[in-house]
Each structure stands twice: as structure tokens, then as C-alpha cells.
1. Quick one: THR93 ticks every box in (1) hydroxyl-bearing (Ser, Thr, Tyr); (2) at pLDDT below 95; (3) closer than 24 Å to TRP217 by Cβ bar one, so which box is it?
2. Quick check on region 138-163: of everything there that is open to solvent by less than 10 Å² (accessible area, probe 1.4 Å) and not in a helix (DSSP H, G or I), which residue is nearest to THR86 (Cα to Cα)?
3. From the list LEU72, LEU20, pick out the single residue that is of a type in the set (A, V, I, L, M), closer than 30 Å to GLY172 by Cα, in contact with a Cys (Cβ under 7 Å, 6 or more places away or on another chain) and modelled with pLDDT of 90 or more.
4. Among the residues of region 265-281, is any within 30 Å of MET57 (Cα to Cα), of a type outside the set (Gly, Ala, Ser) and either outside any helix (DSSP H, G or I) or modelled with pLDDT under 90 (or both)?
5. Give region 65-99 a look and list any residue that's under 30 Å from HIS115 (Cα atoms) and touching a Pro at 6+ places or on another chain (Cβ under 7 Å), or say none.
6. If you check GLU256 against the conditions, is it open to solvent by 30 Å² or more (accessible area, probe 1.4 Å) and free of Cβ contacts under 8 Å to residues at least 12 places away in the same chain?
7. Taking the conditions exactly as written (assigned to a loop (DSSP other than H, G, I, E, B) and either among the aromatic types (Phe, Trp, Tyr) or open to solvent by less than 20 Å² (accessible area, probe 1.4 Å) (or both)), does GLY127 satisfy them or not?
8. Can you pull out the residues in region 111-140 that are without any contact (Cβ under 8 Å) to a residue 40 or more places away in the chain and under 16 Å from VAL242 (Cα atoms)?
Amino acid sequence: MYKIINILCYTKILATLSFLASGSYQRRIGQDFLSCMCQASLSGAIHTVVEALNEIMQDWIKFPTEHFDIELVKQQFWIHCRFPGTIGAIDGTHIAIWPPNKEREHLYINRKLYHSLNVLIVSDFNGKILFVNSGHGGRTHDARVWNGSILSVHLEQFQDGRINTWLLGDSGYSLLPYLLTPKLRQPEGSPSARYTNSHVVARSSIERTIGMLKGQWRCLRKERALHYSPEFSALIVNSCCVLYNMAKFYNVPQPEIYYDELDTEDRNIAMNGIRIENGNEVRERVIQQYFN
């Protein structure tokens, strides 16, 4: 009996992995000769495995808080692109979903006019996911997703005790003392241009990470679309991020990088307020100290 239960558990896990990796329909996955599961059974298996992966998410996706871990991430960015003080690169990616109920459908229509989740991801230079927030609809701007995240609150509270420590984001984010953005349209060869060039190289790590995530787990691609509620779709995204970090930990070969057109567009917003002024001071200090 114990062996039969084990086989059933393995079958549920492997069928779910096949579903996440292929982005196919439940019925087609269940009809595979290795699965042999009806659609209802496969649906139950997917829910069970996805919820279990979310239970262990905090064990596999951790933002660095200890001194040793922070310095390790900083060294990655300094060694590879000579950008100081960086504890992660940040970006948003859109995960296509089936249109939710009419009452809140508008919250999930992104600027490309399809329904999606706007998922915030932070990674180190080597592509390990350090943080993910998948609870916002596609209509929500990257900067608002960031401002509503627990990581934003964490860095806001602890910035005074962490000198020379920041994330790197594109121009879609507000310039903050702990989130540095590029300085656009600077004279070629100037310190500001060198800063931006290094910033672009360092921040490209998050674009590669998102590309590898979608390359590995095809259910996250735009052409697949998750046919679930936004809430369960967010759990699926979290699960894929956990599995992605597991694969990196165990040195599973990485698939071809997949780039979504919506993720690579430039996003600009107006920046204002006292925190922006503080961010400018930090950015100018970095330029003068490291890129002069």
C-alpha cells in the first residue's frame, strides 16, 4: 500500500511539472501514456502540488538580510560589471491569464490590451530569484507594484543602516536612495554615461533571469495564458519561481532564454518628491566616486 501511495504522489508531481513546463491543457497532459489521469484528477493534482510549493516558497526564495549574504550578492555585481553596492536587479514581467470576472476585469488589462498579472521579480547577477510579488493585475504600473511590496517597506525601514546598498531598476521605477535608475541621454564618455552603461550591464541580469524562467516554465509565456483565477495564477507563478531556483541549485541545464516583447519596452514615469531628491544625491555620489 505504501508503494502505491508513493507512486500516486510521484505521478501527481510529475504530471504537474509536465503541465507547468509545457503550458499545455490539463486534458492533454492527463491523456499522456505516462500520466493516465482524467482531467479532474489532474486538476486536483495541480492544485495540491502548487499549494505545496507555495508552502516552501520562503525556503527557496530569500532576499539577503544577513551581512555575509548581502556582501556575496554585491561581489557578483562588482566582479562582473564593476557596479558597487548592488543587492539585486529588479523588473516586472507580464504573465498572461484568462479574463477574470467582469467586475474586476479592467484591473488585469495591460497596455498591450490583454489580461495579465504584473509580476515583480528581483534577482542576483547569477540569475537566482531573491524576491517575487505576483499579486497585482496587468494594469498596475511597475512602480506601484514596487511601492506596494513588502520589500519596498523593508528597504525603506532599513536604508539608514545600510549605506552603499541598493537595487537597480529601469526608468519605470522612481529614483530612490535604495533603488538606482539609469541617467538617460548623457554625453558619450562622461561619468554619467559610464554609470549608465555599467547600470545597463548590471540590470540585464534580471532580464536574463525572467527569460530563463519563461524558457523553463512555458506556462508563463504570453501565448499560453493561465486559465485560472488571478489568485491561483499568482500561486502558479510563485511555484514556477520556486522550481526555477531549485533547478539552479541542483545545476539543471538552463533552457533557451525567452524574451517577451512587453517586458523589453522602455517604461518611463514622472518622478517627484523628497525621496527622489535623496535618490539623486545617492546617484550623483556613486557617479563621482566610481565613474569619474
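The values are calculated or read from the model by the stated rules, or taken from the named source; none is laboratory data. This is a predicted model, so every value here is computed, not measured. Using ideal geometry, Cβ is built from the backbone for each residue, glycine included, and neighbour counts are taken over all protein chains shown. Side chains included, ligands, DNA and RNA excluded: accessible areas come from the protein's heavy atoms. Shrake-Rupley method; radii C 1.70, N 1.55, O 1.52, S 1.80 Å.
1. (2)
2. Of everything passing the filter in region 138-163, SER149 is nearest to THR86 (Cα to Cα).
3. None of the others qualify; the one that does is LEU20.
4. There is at least one residue in region 265-281 that is within 30 Å of MET57 (Cα to Cα), of a type outside the set (Gly, Ala, Ser) and either outside any helix (DSSP H, G or I) or modelled with pLDDT under 90 (or both).
5. Matches in region 65-99: ILE97 only.
6. So GLU256 does not fit the description; no.
7. Against the criterion (assigned to a loop (DSSP other than H, G, I, E, B) and either among the aromatic types (Phe, Trp, Tyr) or open to solvent by less than 20 Å² (accessible area, probe 1.4 Å) (or both)), GLY127 qualifies.
8. Those that are without any contact (Cβ under 8 Å) to a residue 40 or more places away in the chain and under 16 Å from VAL242 (Cα atoms): LEU120, ASN133.
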